[in-house]
Amino acid sequence: MKKESEILRFREYFRKIDRKSVYKWQKDDVGRLYPIYSLYFTEFIDRVCSSDSIDYHYIDTLKKYNVPLNFEISDYIEKSNEELLNAILSYFVFQEYSQEGIWRFAVEFKVFYKILLRMTELHKKNELHKSSSY
């Protein structure tokens, strides 16, 4: 598994981006619109899926913390611990497959940026705790 530091490098990308640089709309043969995501964005999704931060039981974890399974979930990022944060990240990554558009929401409302920012805070806190325990 890849360490979370591999996904933390995307923090500045998500801080600076706007939706136009992440996806564009394309029509299928019937005329329905669907988003085409940028390669860098999909690289982020791939890195998350192969990282230690993924929680394949994220729904159970979110229920454990009484977190709603809807867009309000992003309100829990700022105060989350590592377990909850990983579940929230996993929710936003995996729910795109059953709830198309959640990645667009996450980009427009800086959800991935907020997750990576909180992850950085927790990482620093853990490093500080480790160094003070020696």
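The values are calculated or read from the model by the stated rules, or taken from the named source; none is laboratory data. None of the values given here were measured: they were computed from a predicted structure. Using ideal geometry, Cβ is built from the backbone for each residue, glycine included, and neighbour counts are taken over all protein chains shown.
For ILE88, state whether it is modelled with pLDDT of 95 or more and closer than 16 Å to SER51 by Cα. In short, yes. When ASP60 is tested against (1) part of a helix (DSSP H, G or I); (2) in contact (Cβ under 8 Å) with a residue 12 or more places away in the chain; (3) out of contact with any Phe, Trp or Tyr (no Cβ under 7 Å at 6 or more places or on another chain), exactly one condition is not met: (2). Within region 1-49, the residues that satisfy the criterion of being more than 21 Å from PHE94 (Cβ to Cβ) and either polar (S, T, N, Q) or touching a His at 6+ places or on another chain (Cβ under 9 Å) (or both) are SER5, SER21, GLN26. When region 106-125 is filtered for residues that are aromatic (Phe, Trp, Tyr) and either within 17 Å of GLN95 (Cα to Cα) or modelled with pLDDT under 90 (or both), the ones remaining, listed by number, are PHE109, PHE112. Restricting region 19-33 to residues that are touching a residue at least 40 places away in the same chain (Cβ under 8 Å) and not β-branched (Val, Ile, Thr), the residue that is surrounded by the fewest Cβ atoms within 10 Å (Cβ to Cβ) is ARG19. For region 91-103, the candidate set comprises residues that are within 18 Å of SER50 (Cβ to Cβ) and surrounded by fewer than 19 Cβ atoms within 10 Å (Cβ to Cβ); within that set, the residue that is modelled with the lowest pLDDT is TYR97.
Scanning region 2-18 for residues that are surrounded by 13 or more Cβ atoms within 10 Å (Cβ to Cβ) and not in a loop (DSSP other than H, G, I, E, B) turns up LYS2, GLU6, ILE7, LEU8, ARG11, TYR13, PHE14, ARG15. If only residues of region 67-90 that are in a loop (DSSP other than H, G, I, E, B) and β-branched (Val, Ile, Thr) are counted, the one that is nearest to TYR113 (Cα to Cα) is ILE77.
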